[in-house]
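Rule-based calculations on the coordinates, nothing more; no lab input. Small disclaimer: the values here were computed from a predicted structure and weren't measured. Here the Cβ is made from the backbone with ideal geometry for all residues, glycine too, and neighbour counts use every protein chain on show.
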Amino acid sequence: MLSSKKSDAGSSSSSSSSAAGGDRAPGSDIQTGSAASVAGAMDSKKKDRSSPSGEHGGASLSHQSGPGGADQDSAEVRRTSRRKRAKVEYREMDESLANLSEDEYYSEEERNAKAEKERKQVIPPPPPPVEEENDSEPDEPSGKYACLFLGLEGAAFQSRLPHDRMTSQEAACFPDIISGPQQTQKVFLYIRNRTLQLWLDNPKIQLTFEATAQQLEAPYNSDAVLVHRIHSYLERHGLINFGIYKRVKPLPTKKTGKVIIIGGGVSGLAAARQLQSFGMDVTVLEARDRVGGRVATFRKGNYVADLGAMVVTGLGGNPMAVVSKQVNMELAKIKQKCPLYEANGQAVPKEKDEMVEQEFNRLLEATSYLSHQLDFNFLNNKPVSLGQALEVVIQLQEKHVKDEQIEHWKKIVKTQEELRDLLNKMVSTKERVKELHQQYKEASEVKPPRDITAEFLVKSKHRDLTALCKEYDELVEMQVKLEEKLQELEANPPSDVYLSSRDRQILDWHFANLELRLDDDFEFTGSHLTVRNGYSCVPVALAEGLDIKLNTAVRQVRYTASAPILLALMAGEAAGIMENISDDVIVGRCLAILKGIFGSSAVPQPKETVVTRWRADPWARGSYSYVAAGSSGNDYDLMAQPITPGPAIPGASQPVPRLFFAGEHTIRNYPATVHGALLSGLREAGRIADQFLGAMYTLPRQATPTATSNPQQAPPTATV
């Protein structure tokens, strides 16, 4: 049975826009003035400034939390590339396995060899050659991770496995080992890590069981059955002998089982190559006239530009590190500088940038408070996305600004009323002063001798006049204070808006990059890299030797990637709007922004322009998958579950799964990435082979080679 599942596309909830960061395909490779324009190459963790990734409705609020404080130190931390060691979680493991000492783990021969290497300070060859970019930022220390590619621990790390304990999957596949004594487990771990090391040392040539057993040191090579089981397990699960490599043993001429793979993306091609190497008859059906899915590269003459996935997010633990050795991938480190420019071409002042970033962090903290403390996760019985929650907080802030404006005008009105009453009182007091002064003048004009009554009248009038003048002087002082207060209120009005249009453009840029700000427990180590000769060199190489049905034939064209290419990206609503605007309008807007930044004379007309519309692509319907409002990481696991048809005849034996799913949208730890698609394809290839060929790594009495015992069964069908 065939499926209409799209080629390596995201789930039905895939967004129409995304970032270059994390291998993601952009919604449209054009940046408009609706958000702050970005110039310069970007490190996807430098100040969290990767290419705009798009918010896409965002993750459920319960999964988000804002960064910490916004002081200068914490801001500097956010602006620095995060270099985190890939963390792998194994919840079902026996904790005692994690307490192995180095002396217990390594043999005496291995310890002596390691000590000898340390004394001689042998530096291992770098994984793949990386072309360094000139950058004023200091290069990251290479010594910290250089050792990870050396020795057994480094081999396990590069394979995303703990070097000192078995994983839950290994425990399930080797129950006799996990339930046995610790010494047996140590032997298993040594053989596993040593086999991985042998493969990583030369991933261009197939690592056979015979070569593994020959290179294993005594006494670890004494148990040939265990070595064969471990080698078969690693090969079946895509930890060795994957990608593009030279086979030492020819493919079996007799095929066992037939698999149809729908979709020629990276996951489909990876699964096809694995299943083909397992001896199965594989056919790939691709709706487009090319392979690669959302790995798409524009090529014309010397011009090369990735229109979809474009960034390798670190090589430490990344399977693309192995592929980069197998394929001629010209990797270049992404610069860490990322100046922001406004739509008018003016650079955003540093103070303004930091102020908006600080406010952005406050907004994230507020949304986290709404979600976790106030349980604000639904609105009108619908899940609230992070983007919606942020807009709610912004609206509340705007209401607060309006309330402050009202309070400010109330203070002005109150001050004006007080000043009016004071002036009225001053007028009446002044009239009384005039009247009293006239009375005093008349009384004092009586010539002496004056009787006692006349003398008393003069003195009383003088006393009253003095008191009234003093009162008037006090009123004048109050008038001065009220006028100063009024002038201060009028001169310092509160902001009439929470965010100006200029501030909102910068804030929108932070929204677009929000996805890559979030901490990733499975993030790879090392600098982010671009592929100078185009990311599509990977799917093209993976497709070699496969039976692929395309609309038209695929031709490999040799080229030189040396011509200048300028990419612009969009995210969020802007990407959706641009889907319905003509290419000429979009290109014209981009040129206008560039001329505003660099000057009209410095920006010539482009020789060729391409605008992507991933949402409108019927075989993609978006750039990549994301965790929508109301969803969780469990949905990735759900979409990875194979489908088993119901029994055709009541009482018949339960049928086996026939429809399998791979793609970046089916791998929980590495979604929305090329390496995630690759790993999911390897995963499903192993699952299909185990189902129809049997698990060769189990004990002989447990092996159930279904395909051999039932050669007439219907062929399985996989979709990716």
J(HN,Hα) series, the range 468-482, from Karplus relation 6.51 cos²θ - 1.76 cosθ + 1.60, nearest Hz, glycine and proline x: 5, 5, 5, 4, 5, 4, 5, 5, 5, 4, 5, 4, 4, 5, 5
The range 254-329 versus the range 203-221: alpha-carbon centroid distance in Å: 28
Among 157-166, 381-390, 337-346, 397-406, the order from most to least packed when residues are scored by Cβ within 10 Å on average: 157-166, 381-390, 337-346, 397-406
Mean separation of Cα contacts under 8 Å, 6 or more apart, over the residue count of the range 396-495: relative contact order %: 52
The range 169-317: radius of gyration over Cα atoms, expressed as a fraction of 2.2 N^0.38 Å: 1.29
ASN221 versus LEU566: modelled label distance in nm, points set 7 Å from Cα along the beta carbon direction: 6.0
Rough spin-label spacing in nm, given labels placed 7 Å along Cα→Cβ, for ASP503 and ALA172: 5.2
Segment SER601-SER232, length gained on full extension (0.36 nm per residue, minus Cα span): 126.5 nm
Modelled FRET efficiency - R0 22 Å, GLN405 with LYS481, Cβ distances, 0.05 increments: 0.35
Extension gain, THR609 back to GLU351 (0.36 nm per residue minus Cα-Cα distance, nm): 89.3 nm
Sites ASN344 and ASN302, calculated FRET efficiency, Cβ-Cβ separation with R0 30 Å, nearest 0.05: 0.35
Inter-site label distance for THR283 and THR466 at 7 Å from Cα along Cβ, in nm: 12.0
Efficiency of FRET from Cβ geometry, ALA592 and PHE378, R₀ 41 Å, rounded to 0.05: 0.45
Segment GLU490-ASP637, length gained on full extension (0.36 nm per residue, minus Cα span): 46.9 nm
For the range 396-495: Kirkwood Rh in Å [reciprocal of mean 1/r, alpha carbons]: 16.8
